[in-house]
Amino acid sequence: MHLDAARPKPRLARLSGVVTLLAAVLLAFALQAPSADAAKKKRVIAISPFAAQTMVQLGYRPYRVGMTLGATKHQKRLLKGIPAMTLSHPNGPNLELVAKMRPKIVFSSNRWSRGNKAMRQLGIRVVVADPLTPASVKKKVTQIGRILGRKKQARKLNKKITRQLNSATRGISGIRPRTLVVLGIGTTAMAFLENSWGGRLIRMAGGKLVTGNASAGGGFARISDEVVLQEDPERIVVVPHGTNDDLSRVAKWVTDNEVYKSTSAGQSGNIGISGDNTLLQAGTDLGATIRYIRTNFLKNW
Amino acid sequence: MLAALVAATCASLALGAVDIPVSGVIDTLLGKQVPEVTRNIIEILRLPRTVEAILVGAALGVAGACLQGALNNPLASPDVIGVTGGAGFGAMLVILLYPSSIALLPVSALFFGLFAATMVFIIGFTGRGGGNITRVILAGIAVASLFSAGTAAIMAAYPDRVPNGIYFLVGGLTTSGWDTLETVWPYLAVGFVLAAFMIRPLDRLMLGDDVAASLGSRPRLIRLTAALAAAVLASAAASIAGLLAFLGLVIPHLIRLLGGTKSHVFVIPVSALAGAALLTAGDTLARTIAAPVEMPVGPFLVLLGVPLFLWLLRKAA
């Protein structure tokens, strides 16, 4: 009897083992699934172009992105199909529209500090996650990944950024072309300084920035044309404000400029125009940007 | 005042972000052999900029003197006949809406400055009661407001491009070689010649419209011609150096207070010299004080001119 009664026990034990394993697997899935689902349900708006690109590359589709003025082809491709919000001074997005959308998180930038404050008052979590230097790009990717529950994907993206950066900066020689980068084409041109986003990229790409040793907190300063003539840049890069539909006219204006014409850059035809915001705005495609700068402007690729 | 202008001119040619010995400046001006960088800095940058400062300063000084005489109003300046508002609109239109046509900036500023003044003249000088000073001034304020609203609307629509236009709005000379002057000099010439012809008639107008008429003058025509000269000069000045209307308001007052006379025989030529000297000195200061960073000249003019003006006002009182 005892033996008969005991006979099914191993089967039961096996069954209970299977059931336990199944339960453990289900539990593991259950523990994983709700966070992913909850994350998917979260409405996240990315006003800053950097956050928008990062989100997409982490596999998380933003509910809305900021308007893609001056975005590169690659950036436009990344954000294709995602509705864009019009941004305007001083708030950034229209606050009533944002309130209506009820997002859980808004990734913004310091540029829209007034709007950020107002959105926080509306009970929205606002995260400023725009890197100020290329060196802080990976840190910001990690931050966005952590907030969205995509740590693993963020690590993967950071590895990709490092790999592309190493590849793009390979073979930079000791000779660094003197490079003047100017912002805008109005009555005055502002020079990119060492602490600007574009200035740092130029240095990483192997250029030596012409600034006349000027410094300004904002990263741009109207430097004297006398200094430009004295330092004699070998490359000049012009970054028109906003988008510019007619680059040939801009090019004519630049090449007709008496000062630029007199420099080594002007005489050797090394004046380039950046038709997008590559040198102005942070992006995750650092490697591609540096390669673009080296190929098109510094010509040291 | 002539000595002040000569001193300001010498300083403007000798000082800059790059140290060039005075002998180098003189050698360049005399066409002697100098390093290419030195020659480029003097010939392409400092010389045209100094000439522009002299002409713009003189134009604004004369424009202010003519307007204050013609409208018999001490508060008259290029702002009052809409020139500043119109020129600002014209410039911002190109800078913000058509940045790829930036070469048209001086032409656009000049055109809209003159267009605004023409609107004011049509409203102020034609029809029944035309030429009435209050009517001209009110028309000027209305037209200026119209163009200022237009400028503000464009700026609000294209905020990302606004930094390009800031230097125009605050006023400042930039380096464009001789290009802008080549376009604008005929207007300056016409304005100066018209103003020179208005010196005596404006003096007669100071005696009152009835007395001036009894002396064979036509007050309404004198007012219109003097205001036209001022509009042409102020528009041309704005197309070169942006909005520096402060000079047009303050310089004639300064000259009257300094000279102790209101006669236009004295006020108009000396206002030209004083405006030229003040703008040349202010521009030199603006581009050297934080070198190699260049500051806009507008605020410097105010810093230079206002304390002197207030001191003279107090002294005169």
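Any chance the range B:273-292 includes a residue that's within 27 Å of B:Gly86 (Cβ to Cβ), within 14 Å of chain A (Cβ to nearest Cβ) and either surrounded by fewer than 20 Cβ atoms within 10 Å (Cβ to Cβ) or of a type in the set (Val, Ile, Thr) (or both)? Scanning the range B:273-292, I find no residue that is within 27 Å of B:Gly86 (Cβ to Cβ), within 14 Å of chain A (Cβ to nearest Cβ) and either surrounded by fewer than 20 Cβ atoms within 10 Å (Cβ to Cβ) or of a type in the set (Val, Ile, Thr) (or both), so the answer is no.
Please enumerate the residues belonging to the range A:268-298 that are assigned to a loop (DSSP other than H, G, I, E, B) and either within 15 Å of A:Val182 (Cβ to Cβ) or in contact with a Gly (Cβ under 9 Å, 6 or more places away or on another chain) (or both).
Hits for the range A:268-298 are A:Asn270, A:Ser274, A:Gly275, A:Asp276, A:Asn277, A:Thr278, A:Leu279, A:Leu280, A:Gln281.
Residues in the range B:148-176 that are buried (at least 19 other Cβ atoms within 10 Å of the Cβ), more than 19 Å from the chain's Cα centre (by Cα) and under 29 Å from B:Ala229 (Cα atoms): B:Thr151 only.
Of the residues making up the range A:213-268, just one is at pLDDT 90 or above and on the phi > 0 side of the Ramachandran plot, namely A:Asp232. Checking A:Asp276, A:Asp225, A:Asp285 one by one, the residue that is within 24 Å of A:Thr54 (Cα to Cα) and within 14 Å of chain B (Cβ to nearest Cβ) is A:Asp276 and no other.
Filter the helices (runs of 4 or more DSSP H) completely within the range A:94-208 down to those with at least 1 residues that are within 14 Å of chain B (Cβ to nearest Cβ).
Numbers: elements: A:95-101, A:113-121, A:137-148, A:151-168, A:197-204.
Qualifying helices (runs of 4 or more DSSP H): A:113-121.
For the range B:70-82, the count of residues that are at pLDDT below 90 and assigned to a helix (DSSP H, G or I) is at least one. For the range A:129-157, name all the residues that are closer than 14 Å to A:Val44 by Cβ and either in contact (Cβ under 8 Å) with a residue 60 or more places away in the chain or small (Gly, Ala, Ser) (or both). Of everything in the range A:129-157, those that are closer than 14 Å to A:Val44 by Cβ and either in contact (Cβ under 8 Å) with a residue 60 or more places away in the chain or small (Gly, Ala, Ser) (or both) turn out to be A:Ala129, A:Ile144, A:Gly145, A:Leu148, A:Gly149, A:Arg150. When the range B:240-286 is examined, which residues are found to be outside any helix (DSSP H, G or I) and free of Cβ contacts under 8 Å to residues at least 24 places away in the same chain? The answer is B:Gly260, B:Thr261.
Is there a residue in the range B:52-59 that is at pLDDT 90 or above, among the acidic types (Asp, Glu) and within 19 Å of the chain's Cα centre (by Cα)? It would help to see each step written out before you state the result.
Step one: filter the range B:52-59 for residues at pLDDT 90 or above, giving B:52-59.
Keeping just the survivors that are among the acidic types (Asp, Glu) gives B:52.
With within 19 Å of the chain's Cα centre (by Cα) added as a condition, the list becomes B:52.
For the range B:52-59, residues at pLDDT 90 or above, among the acidic types (Asp, Glu) and within 19 Å of the chain's Cα centre (by Cα): present.
Tell me the residue from B:Ser101, B:Ser12 that is within 14 Å of chain A (Cβ to nearest Cβ), surrounded by 24 or more Cβ atoms within 10 Å (Cβ to Cβ) and small (Gly, Ala, Ser), please.
On the way: B:Ser101 fails: surrounded by 24 or more Cβ atoms within 10 Å (Cβ to Cβ).
Answer to the check: B:Ser12.
Within the range A:49-104, the set of residues being of a type in the set (S, T, N, Q) and either at pLDDT 90 or above or at positive phi (or both) comprises A:Gln53, A:Thr54, A:Gln57. The condition of being among the small types (Gly, Ala, Ser) and either more than 22 Å from the chain's Cα centre (by Cα) or within 24 Å of B:Pro292 (Cα to Cα) (or both) holds for only one of A:Gly149, A:Gly198, A:Gly145, that being A:Gly198. Checked against (1) touching a helix residue (DSSP H, G or I) at 6+ places or on another chain (Cβ under 6 Å); (2) surrounded by fewer than 21 Cβ atoms within 10 Å (Cβ to Cβ), A:Ala216 passes all but a single condition, namely (1).
The values are calculated or read from the model by the stated rules, or taken from the named source; none is laboratory data. All values derive from a computational prediction rather than experimental measurement. Because the Cβ atoms are built from the backbone with ideal geometry, glycine has one as well, and the counts that use them run over all protein chains shown.
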